[in-house]
Every structure is written in structure tokens, then in C-alpha cells.
1. Can you give the charge dipole size of the chain about its Cα centre, rounded to the nearest 20 debye, using +1 on the beta carbon of Lys and Arg and -1 on the beta carbon of Asp and Glu?
2. Step by step: find N for the chain, compute 2.2 N^0.38 Å, then divide the Cα radius of gyration by it. What's the final number?
3. Can you give the calculated 222 nm mean residue ellipticity of the chain, where each DSSP H run of n ≥ 4 adds -39,500 (n - 2.57) and the sum is split over every residue, rounded to the nearest 500 deg cm²/dmol?
4. Where is the GNM fluctuation largest for the chain (alpha-carbon springs, 10 angstrom cutoff): L86, L146, L97?
5. Tabulate in residue order the Karplus-calculated ³J(HN,Hα) for segment 93-109, using 6.51 cos²θ - 1.76 cosθ + 1.60 with θ = phi - 60°, rounded to whole Hz; enter x for Gly and Pro.
6. Please name whichever of F154, T80, L4 sits farthest to the positive end of the charge dipole of the chain, dipole taken about the Cα centre and charges placed at Cβ: Lys and Arg +1, Asp and Glu -1.
7. Across segment 3-161, how many lysine pairs separated by 8 or more positions, or lying on different chains, have Cα atoms within less than 26 Å?
8. Picking from L75, L47, L83, which is most flexible by a Gaussian network model of the chain using Cα springs under 10 Å?
Amino acid sequence: MDTLSHALWGRGFFGYRGHPYWSLFFGALPDLCSFGILFIISFIKNLFLSENINYRNMDLPEWLYNAYDISHSLLIAAITIMLVYLYGNKKFAFAMLAWPAHILLDFPFHTADFFPTPILWPLIEVKFNGISWATPYVWFSNITGLIVLYIFRFRNRKKILK
Ligand SMILES: [Zn+2]
């Protein structure tokens with residue numbers, strides 16, 4: 001899924017018990033920690049070194065794959081959230097659940113040849129060949145799902161206010 005959709009799913013599912021912005025952030029976190037960093041580095045290189053980077057044909061650096069594995073592992077997410085739940089703030093840990101939600105959404109919607117989701121990294125290498133999220137019917141279902149979720153949240157909020 002694209003990063004914005006991930007952030008919105010995170011907010012929709014886990015942003016209603018406080019920390020709405022953190023749930024947006026954690027929804028996007030796995031991509032920010034991998035492609036986001038690559039984007040910033042490329043941007044700075046373009047700006048200061050006037051290196052023209054062609055995003056389509058560029059060789060992806062090795063660290064990107066490592067960062068992708070770490071940030072897209074359910075094990076890493078579960079351990080981190082468990083620690084925050086036990087020793088930190090329980091409400092904050094709830095907002096953090098947007099992170100594993102991102103991983104679970106990526107899992108069926110990435111093909112095996114473009115960043116399959118390493119959900120059980122580093123224990124087991126899982127390579128699931130899913131349907132790309134850019135496939136029109138997946139993409140439109142994603143948007144429809146988000147709209148339904150936000151209508152539901154909006155209606156529930158009204159109920160609470162009454
Ligand atoms: Zn992702």
C-alpha cells in the first residue's frame with residue numbers, strides 16, 4: 001500500500017483512543033524508516049551535490065533492504081509495542097498498533113519480486129507472492145475501505161458526543 005493510505009488506516013483503526021497523530025505516524029513508520037530515509041538522502045544529494053538521481057533506474061542501497069526488513073517485521077513491532085505497553089504508556093502502545101497493521105496490509109499486497117513483506121524477520125524468511133497494491137481493483141478497494149472506516153468513526157464520534 002502507499003504510505004499515505006497506511007497512515008490513514010493506522011489513524012482510522014488505532015487513533016481514536018488518544019494520540020491520533022502518533023497513530024498516523026506509526027501507520028507510516030515502516031516506509032518512513034526505509035524509503036523515507038532514501039528519499040531524504042537522495043533529495044539532499046540532488047540539492048547539494050547536484051547529482052541527478054534517476055529514481056526509476058537507481059540501484060537501491062543495501063541498507064535499504066535491511067531497514068525494510070527491520071521495519072516490516074511483525075516480531076520487531078510486537079516486541080517494541082509489548083515493551084511500551086509494559087513499561088511505558090498503554091494508550092500510546094495502542095496507537096503504536098498502526099505499525100503492525102501496516103505490515104499486515106503490506107503482506108498480501110506486495111509481489112515476491114518487489115519487497116515482499118518479511119513478517120517473521122529475522123527468524124524465518126517468508127516470501128509471499130501477493131497482488132500488487134497498485135492493481136486498480138486493489139487500489140480502489142483500499143480507497144473504499146478507508147472511506148467506510150472514516151464514515152464509521154465519524155458516526156461513532158457523533159454518538160459519543162450525544
Ligand atoms: Zn510498507
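1. The dipole of the chain has a size of about 1380 debye.
2. Ratio of Cα Rg to 2.2 N^0.38 Å: 1.14.
3. -20000 deg cm²/dmol
4. Judging by the Gaussian network model, the answer is L86.
5. 4, 5, 4, 5, 4, 4, 5, x, 4, 4, 5, 5, 6, 5, 3, x, 10
6. The residue sitting farthest along the positive end of the dipole is F154.
7. For segment 3-161, the number of qualifying lysine pairs is 4.
8. Taking springs between Cα atoms under 10 Å, the residue moving most is L47.
Any read-out appearing in this document is the output of simple, stated calculations on the displayed coordinates, not a laboratory observation. Since the structure is predicted, the reported quantities are computational estimates derived from the model, not experimental observations. Heads up, the Cβs are rebuilt from the backbone with ideal geometry, glycines too, and the neighbour counts pull from every protein chain shown.
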